[in-house]
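This report refers to the structure that appears directly beneath it.
The values are calculated or read from the model by the stated rules, or taken from the named source; none is laboratory data. Predicted, not measured: the structure shown is a model, and the values here were computed from it. With ideal geometry, Cβ positions are generated from the backbone for all residues, glycine too; neighbour counts draw on all protein chains shown.
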Amino acid sequence: MTAVDEETVRAFAVSRRAQAMPASPIRKLAPLAELAKARGTKVYHLNIGQPDIETPACMLDRLKLIEDKVLEYSPSTGTPAFLDSLRQYYVNRVGVPIETRQILATTGGSEAILFSFIACANEGDEVLVLEPFYANYRAFATMAGLNIVPVTSRGRDGFHLPPREVFEKALTPRTRIVIVCNPNNPTGTVYTRDELEMLAGFCRDHGLFLVSDEVYREFVYDGRKAVSALELKDADDFVIVVDSLSKRYSACGIRLGALVTRSGEVYDACLRMAQGRLSPPGLAQFIAVGAAGLGDEYTRAIVDEYQRRRDVLYEGLRTIPGVELAKPEGAFYCVPKLPVHDSEDFAVWLLTEFEHDGATVMIAPASGFYASDLGKSEIRIAYVLKEEDLRTSIELLRVALERYQRRDVAV
Ligand SMILES: Cc1ncc(COP(=O)(O)O)c(C=O)c1O
């Protein structure tokens, strides 16, 4: 037995990567919410992005058509029917010419992120991430052995991109990937074409891959259009788009997404990983092709619903003294700044000590969405609740902040 084996057997230590794996900042406080519920307190969840809108019947109805006697593996790339339906979606709805051999079906957008990280960087390399960022990027980077390097976006700028110089300063010889989420979770920012062209120029000049997470593509407000990185000029060699059916069709449990790239080399590398994990979920793909029957009116109705919720939330939060928030432009999240020093302490207090009319709210402290030590006064809110529940939640926040601040003074 070698020294290394001996040590492993003796210690039964999980790997460094496993130890470095962060707990989800969204679910971290869940046990406290359960205790509050056990005490009989109603908890309004502003912390998690699980849409409450029904999955379209044309997808669910496909379940009744399943006649298979054997639930077989599907092709590693995805089924021809699903890949073709996604190709048509890109051509007809996104307005981007894509071929099926440039699309790889994945187990949610999550697997597409992991594949792209592993395909585009070696262990110890760095990923530039605009912070605050979707917290699971850190988990995927950890799995791939990569280090997250933050580039900060500021609430006062509506969390839009900082100038290119800031990206240049964050660059090191180990930088391999820039990841951008557009429309953004957690900030709700929708980047302009100029911003994305700037980012693409930066990547092109330094030989970096641009991973564009577009899982909220449809969710844009006030007449905006989300620009896909696949539309950017001279970027085919280095752009990888992460896509998902989770939010688009309110079908998070389907666990189906896609990696889309015009780079043959990246596609082939990801295909080998896809072959290694055999296949994406077959039943999910069978259900997903039902979405081809949905017209623009489906998207419009959902976007209108979320825009109304955004308005309720934004107008409500603005009237709470000390709360600062730029109007969210897309997705269904926002990062308001609260008049508190430690939003995690406030979030815990909400679940352990606060109650108003038998209810409280659960929020996600924003520090878990930062790699730097910023964000201590910020929270992330997901507005996936009905308008009436949102109004109640805002009222609860108002009362809670008043009481929490008085408590601070009393201490
Ligand atoms: C920004 C972002 N990217 C990717 C994902 C993963 O999506 P999926 O459910 O397709 O794995 C999510 C899920 O919430 C997300 O918010």
If you go through the range 323-371, how many residues are free of Cβ contacts under 8 Å to residues at least 40 places away in the same chain and either crowded, with 21+ Cβ neighbours inside 10 Å or at negative phi (or both)?
-> 6
Does the range 294-314 contain any residue that is buried (at least 17 other Cβ atoms within 10 Å of the Cβ), within 25 Å of Ser153 (Cα to Cα) and of a type in the set (Phe, Trp, Tyr)?
-> yes
Out of all the residues in the range 343-364, is one or more within 16 Å of the ligand (Cβ to nearest atom) and out of contact with any Leu (no Cβ under 6 Å at 6 or more places or on another chain)?
-> yes
Scope the range 285-308; condition out of contact with any Leu (no Cβ under 6 Å at 6 or more places or on another chain), among the hydrophobic types (A, V, I, L, M, F, W, C), in a helix (DSSP H, G or I) and in contact (Cβ under 8 Å) with a residue 40 or more places away in the chain; matching residues | Phe286, Ile287, Val289, Ala291, Ala292, Ile302, Val303
How many residues does the range 46-84 hold that are of a type in the set (Gly, Ala, Ser) and either buried (at least 20 other Cβ atoms within 10 Å of the Cβ) or closer than 30 Å to Pro336 by Cα (or both)?
-> 3
Between a first residue in the range 30-54 that is on the phi > 0 side of the Ramachandran plot and a second residue that is at pLDDT 95 or above and loosely packed, with under 13 Cβ neighbours inside 10 Å, which pairs have beta carbons less than 9 Å apart while being 6 or more apart in sequence or on different chains?
-> Gly40/Gly358
Would it be correct to say that Phe159 is within 16 Å of the ligand (Cβ to nearest atom) and more than 15 Å from the chain's Cα centre (by Cα)?
-> yes
Residues satisfying the stated conditions in the range 81-95, i.e. free of Cβ contacts under 8 Å to residues at least 60 places away in the same chain, more than 16 Å from Thr106 (Cβ to Cβ) and not charged (D, E, K, R) | Val91, Asn92
Within the range 269-284, how many residues are part of a helix (DSSP H, G or I) and more than 14 Å from the ligand (Cβ to nearest atom)?
-> 10
Could you list all residues from the range 217-263 that are farther than 16 Å from Ser116 by Cα, within 16 Å of the ligand (Cβ to nearest atom) and not hydrophobic (A, V, I, L, M, F, W, C)?
-> Arg217, Glu218, Ser228, Ser246, Lys247, Arg248, Tyr249, Ser250, Gly253, Arg255
For the range 320-371, which residues satisfy the criterion of being assigned to a strand (DSSP E or B) and either assigned by TED's automatic domain parsing to the domain that holds Val215 or within 24 Å of Gly40 (Cβ to Cβ) (or both)?
-> His356, Ala359, Thr360, Val361, Met362, Ala364
